[in-house]
1. Spot the failing condition for P140; the list is (1) at pLDDT below 95; (2) not in a loop (DSSP other than H, G, I, E, B), and only one is missed.
2. Determine, yes or no, whether A149 is away from the ligand (no atom under 13 Å from the Cβ), part of a helix (DSSP H, G or I) and without any contact (Cβ under 8 Å) to a residue 24 or more places away in the chain.
3. Taking the stretch 126-146 as the search range and keeping residues that are touching a residue at least 40 places away in the same chain (Cβ under 8 Å) and aliphatic (A, V, I, L, M), which one is nearest to A99 (Cα to Cα)?
4. List pairs: first in the stretch 37-56 and within 15 Å of the ligand (Cβ to nearest atom), second hydroxyl-bearing (S, T, Y), Cβ under 8 Å, 6+ apart or cross-chain?
5. Could you tell me which numbered condition A89 fails, if it satisfies all but one of (1) within 19 Å of the chain's Cα centre (by Cα); (2) at pLDDT 95 or above; (3) among the aliphatic types (A, V, I, L, M)?
6. Can you tell me which of (1) within 15 Å of the ligand (Cβ to nearest atom); (2) of a type outside the set (V, I, T); (3) buried (at least 16 other Cβ atoms within 10 Å of the Cβ); (4) free of Cβ contacts under 8 Å to residues at least 60 places away in the same chain is the one R169 doesn't meet?
7. Mind checking whether some residue in the stretch 87-94 is in contact with an Asp or Glu (Cβ under 9 Å, 6 or more places away or on another chain), over 20 Å from I129 (Cα atoms) and part of a loop (DSSP other than H, G, I, E, B)?
8. Can you tell me which residue is nearest to F238 (Cα to Cα) among those in the stretch 121-146 that are within 13 Å of the ligand (Cβ to nearest atom) and polar (S, T, N, Q)?
Amino acid sequence: MKLEQRTIIIIGGGSGIGFGVAKVSLARGANVVLAGRTLEKLEQALVKLEAGKRGLVVQTDITREADVAALFADVPAVDHVVVTAASLAYQPIVSFDIAAAQRAIESKLLGALLVAKHAGPRLREGGSITFTTGVAVERPMPRGSIVGAVNGALNAFIRGAAIELAPIRVNALSPGWVDTELWNLIGGNKAAVFASMAERLPARRIGTPEDLGHAAVFLMENEFTTGTVLHVDGGHRFV
Ligand SMILES: NC(=O)c1ccc[n+]([C@@H]2O[C@H](COP(=O)([O-])OP(=O)(O)OC[C@H]3O[C@@H](n4cnc5c(N)ncnc54)[C@H](OP(=O)(O)O)[C@@H]3O)[C@@H](O)[C@H]2O)c1
C-alpha cells in the first residue's frame, strides 16, 4: 500500500472527481487535505468521507497565487497533489462571454502553473502532481470549445512540467463523461443525455468519481509514469 500514511492535497476535493480521489485514497490508508473555495462544502465532504483524523480542509482559490502559496507552505510534508478544480464555461462561440472564458483559463491552466510553481519545490521524495484534463480535447461538443482548448493546453503543460520538476512526476487524468455536480452547469436533461451516451460508449456506462479515483491512485503510486495523460473515458474517444 504505497499511499499508506502519505499526505495528498486534493484541490477540488469537495465534490465530483476530487471527492472520488479522496475516497479511494483514504481507502488505501492516505491522509487527505481537501482544498476548494467553499469551506462549508469541504467540511461536509470530510464528514461524508468519514475521514476522521486523516482529513483536513483548507479554503483555497486556485486562481489566487497567495492562496496556493499558503496552501503548500502551511501543510507540512505533502507527498502528492491532485487537481480537479476548474471554473468552466460552456457557451456558443458567437456569443461567448470573454470574462467566463478567462475564468476557465485562469482556473484550469494558470491554476496548474501556480500549483506546479508552489508544490514542485516542496513535495517529498517520490512525490507527484496529477492534473485533470478531459475528453473534450479529442471529442469536441457544441459550446465546449474553450473547455477543449484549455484541456489541450494542459495536456501540453504536463509534459514540460514533468521535465522541469523531475524527479517529481507530473501527469494528467483525462476523464470522459462522469456523473458529478459539473453537469448541473452544463444543463439539459442529464438522465436522458447520460442514457444515450452510455449506449454509445464501449464501456456501456457513464463514469463514476471512483473510476477516476482509482486512476489517480495509479498515477500517484506508479513511480515510472510521468508526463502521461491517462484516458479514463469508457472508450469515448473512439465513438
Ligand atoms: N464530470 C465530467 O463529466 C468531466 C468530464 C471531463 C473532464 N472533467 C474535468 O474534471 C475536473 C473536475 O470536474 P468535476 O466533474 O469533478 O466537477 P465538480 O464536481 O464541479 O468539481 C470541481 C471542484 O473544483 C472546485 N473549484 C472550482 N473552482 C475552483 C477554484 N477557483 N479554486 C479552487 N477550487 C475550485 C469546486 O469547489 P468550489 O466551487 O467550492 O471551489 C468543486 O469542488 C474538471 O477539470 C473537469 O473539466 C470532468
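1. Every listed condition holds for P140 apart from (2).
2. On the way: away from the ligand (no atom under 13 Å from the Cβ): no; part of a helix (DSSP H, G or I): yes; without any contact (Cβ under 8 Å) to a residue 24 or more places away in the chain: yes.
Spelling it out, it is not the case that A149 is away from the ligand (no atom under 13 Å from the Cβ), part of a helix (DSSP H, G or I) and without any contact (Cβ under 8 Å) to a residue 24 or more places away in the chain.
3. I146
4. Matching pairs, first to second residue: R37/T60; K41/S15; A45/S15.
5. Going through (1) within 19 Å of the chain's Cα centre (by Cα); (2) at pLDDT 95 or above; (3) among the aliphatic types (A, V, I, L, M) one by one, A89 breaks only (2).
6. For R169, the failing item is (1).
7. Taking every residue of the stretch 87-94 in turn, at least one turns out to be in contact with an Asp or Glu (Cβ under 9 Å, 6 or more places away or on another chain), over 20 Å from I129 (Cα atoms) and part of a loop (DSSP other than H, G, I, E, B).
8. Among those that are within 13 Å of the ligand (Cβ to nearest atom) and polar (S, T, N, Q), it is T133.
The values are calculated or read from the model by the stated rules, or taken from the named source; none is laboratory data. Given the structure is predicted, the values throughout are model-derived calculations rather than measurements. Neighbour counts run over all protein chains shown; Cβ positions are idealised from the backbone, glycine included.
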